[in-house]
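Structure first, commentary second.
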Amino acid sequence: MSRNFELLQRMEGQRNGHVPHKGLPDPVWREAAPLPPAVDEIPIVSSSTPSRNLSAVAQREIAKLVQQFVWLGETDNLVVAFTSAEPQESTSLVVAASADMLAAITASSVCAVDANVWSPKLHSHFGVANRSGLTELLTEPKPVAECASRVLQNLWLISAGETRDQRSLMRSEQMRNRLLELRQQFRYVLLNAPAVEECVDSLPLGRLADWVVLVLEANKTRRDAAQRAKQILETSGARVLGAVLNNCKSPALETPSTQR
């Protein structure tokens, strides 16, 4: 992973070998913060392993990414939004796999939130139904525990929800307040946001998050679209942490930061 997007540079045929996170200290493992009782009492309803559906290259990229999350969350709870340049890319799968891996290496609480009400898919990667979720939290005074599914001992899912035609809610004050509430309740919050070229909702979600990760598809994402998405996000005020390349089969196409 690279804040300077060596992945996009590589897509242009450039190989500069710059790895800005080289030399960072090892993550500091901390005890999990106590959860609200109502959230902690939610039963586990899934045994899915989303990372199995990713390419080996993407799994290694996400493993590096998750280590950065732990390091970045050393001093405060962390919110990260995932988006893509174009629609129909595997953002929700990357979010699910990242949440799954993060929950596996830390005892801290992790919450994956489907903020893509245009095309809700995050729930399917954990094998649970899209019932009451984020849109209900934004339109009703429900406690988080009523709209969260527990998919691992320390991993919760908030699906997009059943309420339709509420896309503008992603840009509302309710969203800001709910995200603050989630940040206070969970150590790590991972947001599945719509594609930059699909919906303007990705921009306010990116600004509300601490960092944004851009998901790219090998042999599918257009170079100009990826570059434009990065520029749009940064111009809007979002901080782009890096990119994950999915469906890359050849080790020769790995980024310098994932080569061994």
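The values are calculated or read from the model by the stated rules, or taken from the named source; none is laboratory data. No experiment lies behind these values; they were computed from the predicted model shown. Note that we place each Cβ from the backbone using ideal geometry, even for glycine, and neighbour counts take in every protein chain shown.
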Quick one: ALA58 ticks every box in (1) at pLDDT below 90; (2) of a type in the set (A, V, I, L, M, F, W, C); (3) surrounded by fewer than 24 Cβ atoms within 10 Å (Cβ to Cβ) bar one, so which box is it?
(3)
If we keep just the residues of the range 123-181 that are surrounded by fewer than 15 Cβ atoms within 10 Å (Cβ to Cβ) and of a type in the set (A, V, I, L, M, F, W, C), which is farthest from VAL110 (Cα to Cα)?
ALA129
Return yes when LEU214 is part of a helix (DSSP H, G or I), in contact (Cβ under 8 Å) with a residue 12 or more places away in the chain, under 22 Å from PRO50 (Cβ atoms) and not polar (S, T, N, Q) and no when it is not.
no
Working carefully through the options GLU86, GLU74, find the one that is of a type in the set (D, E, K, R), touching a helix residue (DSSP H, G or I) at 6+ places or on another chain (Cβ under 6 Å) and part of a loop (DSSP other than H, G, I, E, B).
GLU86
Single match in LEU182, LEU138, LEU169 (criterion: touching a helix residue (DSSP H, G or I) at 6+ places or on another chain (Cβ under 8 Å), in a helix (DSSP H, G or I) and under 28 Å from GLU74 (Cα atoms))
LEU182
Here is a check on your reading of the model: is ALA107 more than 16 Å from the chain's Cα centre (by Cα), in a loop (DSSP other than H, G, I, E, B) and not basic (Lys, Arg)?
yes
Condition check for VAL94: crowded, with 24+ Cβ neighbours inside 10 Å, out of contact with any Pro (no Cβ under 8 Å at 6 or more places or on another chain) and part of a helix (DSSP H, G or I)
yes
